[in-house]
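Novice: There's a structure below that I have some questions on.
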Amino acid sequence: MDGGRRLLNVTDRALRIFMAFLVLVFVLYPFIAVFLKALLKEGSFGFSEFLFIKEELYLLKNSLKSSFLTASISTIFAISLSLMTFFISKRQRSFLMFVLLLTMVSPPFIGSLTYIQLFGRNGFITKTILGLSINPYGMWGVVSVQTLGFTSATAMLLITYLDSFDGTMIEAARSLGAKTSSILVDIVLPLIRPAILVSFLLNFIRAMADFTSPMIIGGAFNTLATEGYLSIIAKGNSPRASAISLVLFLPSIVVFIIYSYYYKQQQRASKNLRRVSSRMEKSGLYYVLAFLAGFFILWLLIQYLAVFSAAITDRYQGKTFFTLQNIKDARPHIRDSFVRSIGYSLIGALVSSLLALVLSYYAFIRNFKYMKVIDFIANMPYIVPGTFFGLGYIFAFNKEPLKLTGTALIVILNLIFRQLPMSIRTVQTSMGQIEEETMASAKDLGAHNLYILKDLVFPLSASGLFLAFTNGFISSMTTVGSIIFLVYPSRKLATLVLFDLVNSGKYKVASVLSVFIILICLGTSLVSYAVYRRGHVSRS
Amino acid sequence: MLVEVKNLNKSYGDLKALDQVSFEAEKQEIICVLGPSGCGKTTLLQSLGGFVELDSGTIMIDGKSIEKLAAEDRPVATVFQSYGLFPHMSVLDNIIYGLKFRNYKKKAARQEGMVMVRTLGLEGHENKKVTQLSGGQQQRVALGRALIVRPKLLLLDEPFSNLDTRLRDSMRQELLRIRDIFGITMVFVTHDQEDAFSIADRIILMNHGRLEQIGGARDVYDQPASDFVLNFLGRTNLSDEGYVRPEAIRLVRGGRGARIVGKVFKGFYSQYTVEDDKGSYQVISLEDDFEVGQEVGLEMEIRSI
Ligand SMILES: Nc1ncnc2c1ncn2[C@@H]1O[C@H](COP(=O)(O)OP(=O)(O)OP(=O)(O)O)[C@@H](O)[C@H]1O
Ligand SMILES: [Mg+2]
């Protein structure tokens with residue numbers, strides 16, 4: 001009995017320490033590695049690598065300008081989409097959520113791909129319909145593609161925020177005589193300002209870090225992100241790439257702090273609210289919102305229509321016809337890369353949700369102080385540009401004792417720890433619903449802490465784990481930035497193969513690959529949503 | 001009649017939340033709606049306020065039918081159970097919000113608002129955020145915000161349920177005072193009988209979406225129209241012949257025929273269980289010196305519905 005207990009205690013301790021070790025090695029160390037690479041030259045500190053900011057100021061300017069535009073426009077669309085939930089029926093809401101989900105499960109450069117096909121020199125809309133031959137490459141192309149790609153995620157974020165909104169306020173305002181426009185301007189917008197700010201900032205850093213859109217459709221329009229990418233890929237200049245990554249990383253720290261602050265506030269605010277689904281009259285500003293939201297959704301649907309039809313059609317002598325040739329052509333690109341992608345993503349998602357559970361357990365149920373620090377570190381990859389995290393892995397793990405470059409392991413580890421912050425959030429939400437009394441009574445009955453983890457915390461967080469797993473899988477399937485430098489050329493993943501295809505102008509085959517990725521991820525999330533709903537219903 | 005409500009119906013699927021509800025209210029009248037949880041009180045109030053779309057029925061205020069109007073166009077204001085105060089605005093800005101839609105200049109609105117602040121005893125708090133106020137003060141702000149737009153009808157949904165017993169009592173007095181100052185008509189939803197008995201001119205009893213009885217406090221207590229009303233208001237001893245309220249039975253010292261079998265001391269009164277050859281009764285008495293086992297006589301008048 002006593003010996004058994006001691007063994008449990010040792011295991012408990014070892015698990016804790018191992019957890020901390022993993023986070024320090026696979027999150028903190030890569031971060032430090034990037035800093036060192038950028039700042040350390042021949043053994044001494046210096047900022048000479050940062051001279052590019054002055055010498056090539058246009059890069060910074062381009063990045064700031066296009067990111068500001070993208071962030072503003074996509075935030076406006078996201079606000080319109082989310083506010084529409086006050087006016088639409090349940091059915092329409094499901095449709096909206098489905099359309100937003102579509103972008104979340106798409107590879108990131110699908111926007112660029114369709115942009116070229118629709119608006120390019122031989123674009124379907126510009127050439128075939130309008131008969132124009134314009135140069136589509138440049139900043140506005142980048143901004144429009146980024147807007148289309150980023151809006152959905154922020155709209156989802158705002159909708160979640162609005163769902164915790166006390167509807168009584170809206171009814172109170174109406175009962176005092178406020179019309180729709182006044183309610184929106186006086187009550188709703190001021191109250192969701194923090195969420196709007198967060199949306200704007202998230203979009204801003206995503207746009208700053210995005211190198212794929214400017215690479216594909218920027219033309220002569222270069223940004224910091226493209227320069228960082230090219231520094232490694234084309235010039236092999238890693239100190240310069242690190243310095244650029246650091247510059248891109250700094251704004252994300254600010255965002256991270258603001259985000260964490262409001263995230264906590266929002267959780268507090270929404271704790272005791274009874275959801276009143278309140279509606280407003282369709283008048284005034286509603287029409288502006290409806291126009292913007294409608295425009296966005298139409299644009300998005302056209303994009304998906306374009307990808308799907310490009311995958312199964314071809315044009316010959318001005319005629320468009322149905323064909324399976326594209327799919328046949330795509331076969332050699334799909335075979336290995338998809339199996340690898342799915343395998344890596346499954347492992348990554350599984351491990352990362354389990355790690356999130358163990359970490360949250362020690363940090364927030366057992367309340368170990370140092371585990372809270374570990375939790376903070378584990379959350380750092382949340383908003384850093386993917387390329388930053390990828391570079392960190394190269395610099396950290398290219399020499400003994402941890403020489404991992406070129407292996408599959410380094411890719412999987414990167415996926416795991418890149419995904420960990422999202423998993424932690426999801427798991428913690430469901431873990432927060434376990435009542436303290438439940439655990440206290442288990443302790444009372446003599447259960448060891450490890451058994452509490454296994455018998456109580458694990459099963460009671462199951463829904464959160466499940467969700468974390470699904471989300472982890474989808475975002476690993478669609479990620480590009482963090483793994484692009486890590487993957488061994490002959491062992492590419494699906495998204496990277498796709499990126500190469502788009503870059504080399506094989507748009508038809510690229511469309512086929514895109515469709516496959518979308519279908520896999522969409523299928524996964526719909527199935528898991530159904531399972532999740534089932535589980536919830538049967539329990540309550 | 002200021003308010004005339006006729007044949008309101010509202011169903012959620014198979015569930016009838018409102019079933020042919022009709023009543024009227026005079027100017028300055030306070031009507032309390034009383035009933036168990038889920039009987040449709042909130043639905044009734046929300047349909048008057050314009051937040052629930054009715055299946056059928058008419059609502060007239062001052063001779064004009066309003067059931068087709070949107071919530072913001074009705075001469076009705078609501079005080080919600082969770083208040084729905086605007087957390088990003090000061091107390092004064094909350095109170096004067098409704099004046100914005102009644103063509104007030106900002107300055108005039110603030111003056112009017114300060115009058116309301118004083119009427120409600122909120123001086124000194126007008127520039128605070130509403131989140132810095134106590135529950136009772138928030139309640140007053142919610143009330144002031146609704147009153148300032150001079151609605152013809154004020155609706156209150158369990159407005160005191162977040163307050164403790166003492167505060168409730170003073171808010172009840174406050175509400176009566178406000179009625180006298182503003183001459184306003186109110187429909188007040190509660191499931192606290194004491195609220196209803198202390199301020200209502202008339203009480204509506206609801207069950208399963210139906211209006212079971214409407215009348216003054218004495219009427220509904222002394223002449224319940226149905227078993228539901230009888231059981232819902234206070235305790236009752238039932239027998240084959242009828243019913244008798246526990247406080248309507250008198251224990252006769254030195255009498256015969258009944259025996260005390262239980263006694264609970266409740267402070268200013270005592271509650272006894274008494275048995276005679278016909279059955280057992282709950283009796284409430286201000287006298288606390290009867291003992292268990294003692295033989296007593298019973299005086300009562302059995303009533304029937
Ligand atoms: N939006 C809705 N959809 C479906 N059913 C509803 C809806 N709103 C209310 N109901 C149902 O209608 C009935 C009446 O609800 P209502 O809120 O009016 O009750 P209530 O008397 O106010 O109860 P309480 O005292 O608990 O506040 C309940 O059975 C409730 O479940
Ligand atoms: Mg209610």
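The values are calculated or read from the model by the stated rules, or taken from the named source; none is laboratory data. No experiment lies behind these values; they were computed from the predicted model shown. Positions of Cβ are backbone-derived with ideal geometry, glycine not excepted, and every protein chain shown enters the neighbour counts. Each accessible area value is taken on the protein alone, full model and side chains, heavy atoms only, with ligands, DNA and RNA left out. Shrake-Rupley method; radii C 1.70, N 1.55, O 1.52, S 1.80 Å.
Novice: Given the conditions (1) touching a Lys or Arg at 6+ places or on another chain (Cβ under 7 Å); (2) under 17 Å from residue A:170 (Cα atoms); (3) more than 10 Å from every other protein chain (Cβ to nearest Cβ), which single one is not true for residue B:71?
Specialist: Exception for residue B:71: condition (3).
Novice: Can we say residue B:213 is polar (S, T, N, Q), farther than 20 Å from residue B:5 by Cα, open to solvent by 10 Å² or more (accessible area, probe 1.4 Å) and away from chain A (no Cβ under 14 Å)?
Specialist: For residue B:213, the condition - polar (S, T, N, Q), farther than 20 Å from residue B:5 by Cα, open to solvent by 10 Å² or more (accessible area, probe 1.4 Å) and away from chain A (no Cβ under 14 Å) - is not met.
Novice: Are any residues in the stretch B:72-81 modelled with pLDDT of 90 or more and surrounded by 20 or more Cβ atoms within 10 Å (Cβ to Cβ), and if so, which ones?
Specialist: Those that are modelled with pLDDT of 90 or more and surrounded by 20 or more Cβ atoms within 10 Å (Cβ to Cβ): B:74, B:76, B:77, B:78, B:79.
Novice: Here's another thing I want to ask about it. Going through the stretch B:82-100 one residue at a time, which ones are of a type in the set (S, T, N, Q) and either facing chain A (nearest Cβ under 8 Å) or buried (at least 22 other Cβ atoms within 10 Å of the Cβ) (or both)? Before the answer, list the steps.
Specialist: Here is the first cut: in the stretch B:82-100, the ones of a type in the set (S, T, N, Q) are B:82, B:90, B:94.
If the condition is that a residue be of a type in the set (S, T, N, Q) and either facing chain A (nearest Cβ under 8 Å) or buried (at least 22 other Cβ atoms within 10 Å of the Cβ) (or both), then B:82, B:94 are the ones that fit.
Novice: For residue A:189, which of the numbered conditions (1) open to solvent by 10 Å² or more (accessible area, probe 1.4 Å); (2) of a type in the set (A, V, I, L, M); (3) away from chain B (no Cβ under 11 Å) fails to hold?
Specialist: Unmet for residue A:189, out of (1) open to solvent by 10 Å² or more (accessible area, probe 1.4 Å); (2) of a type in the set (A, V, I, L, M); (3) away from chain B (no Cβ under 11 Å): (3).
Novice: A follow-up question, please. Answer yes or no: is there a residue in the stretch A:138-149 that is in contact (Cβ under 8 Å) with a residue 12 or more places away in the chain, within 14 Å of chain B (Cβ to nearest Cβ) and touching a helix residue (DSSP H, G or I) at 6+ places or on another chain (Cβ under 8 Å). Before you say what the answer is, go through the steps one by one.
Specialist: First, the residues of the stretch A:138-149 that are in contact (Cβ under 8 Å) with a residue 12 or more places away in the chain: A:138-139, A:141-149.
Narrowing the set further to residues that are within 14 Å of chain B (Cβ to nearest Cβ) leaves none.
No, there is no match, as no residue in the stretch A:138-149 is in contact (Cβ under 8 Å) with a residue 12 or more places away in the chain, within 14 Å of chain B (Cβ to nearest Cβ) and touching a helix residue (DSSP H, G or I) at 6+ places or on another chain (Cβ under 8 Å).
Novice: Still on this model: Pick out the one residue from A:171, A:227 that is buried (at least 19 other Cβ atoms within 10 Å of the Cβ), in contact (Cβ under 8 Å) with a residue 24 or more places away in the chain and in contact with a strand residue (DSSP E or B) (Cβ under 8 Å, 6 or more places away or on another chain).
Specialist: Result: A:171 is the single residue among A:171, A:227 that is buried (at least 19 other Cβ atoms within 10 Å of the Cβ), in contact (Cβ under 8 Å) with a residue 24 or more places away in the chain and in contact with a strand residue (DSSP E or B) (Cβ under 8 Å, 6 or more places away or on another chain).
Novice: Could you run through the stretch B:144-168 and say how many residues are within 12 Å of chain A (Cβ to nearest Cβ), more than 16 Å from ligand 2 (Cβ to nearest atom) and over 27 Å from residue B:103 (Cα atoms)?
Specialist: Residues that pass the stated criteria total 0.
Novice: Same structure again: Please determine, by comparing only the residues of the stretch B:101-125 that are farther than 21 Å from residue B:159 by Cα and among the basic types (Lys, Arg), which one is farthest from the other protein chains (Cβ to nearest Cβ).
Specialist: Applying the filter and picking the extreme gives B:107.
Novice: A further question follows. Listed residues A:483, A:518; which is at pLDDT below 90, farther than 23 Å from residue A:429 by Cβ and in the same structural domain as residue A:403 (by TED's automatic domain parsing)?
Specialist: Unique residue meeting the criteria: A:483.
Novice: Only one residue in B:28, B:20 is within 19 Å of residue B:203 (Cα to Cα) and within 16 Å of ligand 1 (Cβ to nearest atom), so which one is that?
Specialist: Values: B:28 fails: within 16 Å of ligand 1 (Cβ to nearest atom).
None of the other options fit; the residue is B:20.
Novice: Given (1) within 16 Å of ligand 2 (Cβ to nearest atom); (2) part of a loop (DSSP other than H, G, I, E, B), where does residue B:69 come up short, assuming only one miss?
Specialist: All conditions pass for residue B:69, except number (1).
Novice: Hey, residue A:176 hits all of (1) under 30 Å from residue B:52 (Cα atoms); (2) more than 14 Å from every other protein chain (Cβ to nearest Cβ); (3) buried (at least 21 other Cβ atoms within 10 Å of the Cβ) but one; which does it fall short on?
Specialist: (2)
Novice: Considering the stretch A:344-359 alone, what residues qualify as being under 17 Å from residue A:105 (Cα atoms) and either surrounded by fewer than 19 Cβ atoms within 10 Å (Cβ to Cβ) or of a type in the set (D, E, K, R) (or both)?
Specialist: A:346
Novice: Could you tell me whether the stretch B:286-300 includes any residue that is farther than 30 Å from residue B:220 by Cβ, of a type outside the set (A, V, I, L, M, F, W, C) and either touching a Gly at 6+ places or on another chain (Cβ under 6 Å) or outside any loop (DSSP other than H, G, I, E, B) (or both)? Spell out the reasoning first.
Specialist: Applying the first criterion (farther than 30 Å from residue B:220 by Cβ) to the stretch B:286-300 yields B:289-297.
Checking which are of a type outside the set (A, V, I, L, M, F, W, C) leaves us with B:289, B:291, B:293-295, B:297.
Filter once more, so that each one left must be either touching a Gly at 6+ places or on another chain (Cβ under 6 Å) or outside any loop (DSSP other than H, G, I, E, B) (or both): B:295, B:297.
Within the stretch B:286-300 (the criterion being farther than 30 Å from residue B:220 by Cβ, of a type outside the set (A, V, I, L, M, F, W, C) and either touching a Gly at 6+ places or on another chain (Cβ under 6 Å) or outside any loop (DSSP other than H, G, I, E, B) (or both)), the answer is yes, since at least one residue qualifies.
Novice: Looking at the stretch B:156-179, I want the residues that are away from ligand 1 (no atom under 16 Å from the Cβ) and have a partner that is open to solvent by 50 Å² or more (accessible area, probe 1.4 Å) with Cβ atoms under 7 Å, at least 6 apart or on another chain. Which pairs are those?
Specialist: That search, which allows pairs on different chains as well, returns B:172/B:198; B:179/B:28.
Novice: Please determine whether any residue of the stretch A:121-129 is more than 30 Å from residue A:164 (Cα to Cα), in contact with a Lys or Arg (Cβ under 8 Å, 6 or more places away or on another chain) and of a type outside the set (A, V, I, L, M, F, W, C). Please lay out each step first, then the result.
Specialist: Going residue by residue through the stretch A:121-129, those that are more than 30 Å from residue A:164 (Cα to Cα) are A:121-129.
Next cut, in contact with a Lys or Arg (Cβ under 8 Å, 6 or more places away or on another chain) only: A:121, A:127.
After this cut, where a residue has to be of a type outside the set (A, V, I, L, M, F, W, C) as well, the list is A:121, A:127.
The answer is yes; a qualifying residue exists.
Novice: Please state which one of B:92, B:34 is within 16 Å of ligand 1 (Cβ to nearest atom) and under 29 Å from residue B:121 (Cβ atoms). Break it down into steps so the answer makes sense when it comes.
Specialist: Working: B:92 fails: within 16 Å of ligand 1 (Cβ to nearest atom).
One residue alone meets the criteria, B:34.
Novice: Report the residue count in the stretch B:23-63 for those that are within 14 Å of chain A (Cβ to nearest Cβ), surrounded by 15 or more Cβ atoms within 10 Å (Cβ to Cβ) and either within 12 Å of ligand 2 (Cβ to nearest atom) or assigned to a loop (DSSP other than H, G, I, E, B) (or both).
Specialist: Count: 7.
Novice: To continue, here is another question. Just to verify a result, which residue in the stretch B:37-68, among those that are under 10 Å from residue B:5 (Cβ atoms) and either acidic (Asp, Glu) or free of Cβ contacts under 8 Å to residues at least 40 places away in the same chain (or both), is farthest from ligand 1 (Cβ to nearest atom)? Give the derivation first.
Specialist: Of the stretch B:37-68, the ones under 10 Å from residue B:5 (Cβ atoms) are B:44, B:47-48, B:57-61, B:67.
Imposing the further condition that a residue be either acidic (Asp, Glu) or free of Cβ contacts under 8 Å to residues at least 40 places away in the same chain (or both) reduces the set to B:47, B:67.
Details: B:47: 9, B:67: 17 Å.
Top of the filtered list is B:67.
Novice: Let me ask something additional. Condition (residue is modelled with pLDDT of 90 or more and within 30 Å of residue A:323 (Cβ to Cβ)) applied to the stretch A:269-288: is it met by at least one residue? Walk me through how you get there before you give the answer.
Specialist: Keep residues of the stretch A:269-288 that are modelled with pLDDT of 90 or more, which gives A:285-288.
Of the ones still in play, those that are also within 30 Å of residue A:323 (Cβ to Cβ) are none.
No - not one qualifying residue is present in the stretch A:269-288.
Novice: Of the residues that make up the stretch B:223-236, is at least one touching a Leu at 6+ places or on another chain (Cβ under 6 Å), among the β-branched types (Val, Ile, Thr), free of Cβ contacts under 8 Å to residues at least 12 places away in the same chain and away from ligand 2 (no atom under 16 Å from the Cβ)? It would help to see each step written out before you state the result.
Specialist: Step one: list which residues in the stretch B:223-236 are touching a Leu at 6+ places or on another chain (Cβ under 6 Å), which gives B:224, B:229, B:236.
Checking which are among the β-branched types (Val, Ile, Thr) leaves us with B:229, B:236.
Checking which are free of Cβ contacts under 8 Å to residues at least 12 places away in the same chain leaves us with B:236.
Next cut, away from ligand 2 (no atom under 16 Å from the Cβ) only: B:236.
Within the stretch B:223-236 (the criterion being touching a Leu at 6+ places or on another chain (Cβ under 6 Å), among the β-branched types (Val, Ile, Thr), free of Cβ contacts under 8 Å to residues at least 12 places away in the same chain and away from ligand 2 (no atom under 16 Å from the Cβ)), the answer is yes, since at least one residue qualifies.
Novice: How many residues, within the stretch A:80-103, are open to solvent by 30 Å² or more (accessible area, probe 1.4 Å) and under 19 Å from the mean Cα position of the chain (by Cα)?
Specialist: Here the count works out to 3.
Novice: Test each condition in (1) open to solvent by less than 20 Å² (accessible area, probe 1.4 Å); (2) in contact with a Pro (Cβ under 9 Å, 6 or more places away or on another chain); (3) within 14 Å of chain A (Cβ to nearest Cβ); (4) of a type in the set (A, V, I, L, M, F, W, C) for residue B:141 and report the one that comes out false.
Specialist: (2)
Novice: Please give the number of the condition residue B:128 fails out of (1) within 14 Å of chain A (Cβ to nearest Cβ); (2) surrounded by fewer than 16 Cβ atoms within 10 Å (Cβ to Cβ).
Specialist: So the condition that residue B:128 fails would be (1).
Novice: Are any of the residues in the stretch A:170-190 of a type in the set (D, E, K, R) and at pLDDT below 85? Steps first, answer last, please.
Specialist: Just the residues of the stretch A:170-190 that are of a type in the set (D, E, K, R), to begin with: A:171, A:174, A:179, A:186.
After this cut, where a residue has to be at pLDDT below 85 as well, the list is none.
The answer is no; no qualifying residue exists.
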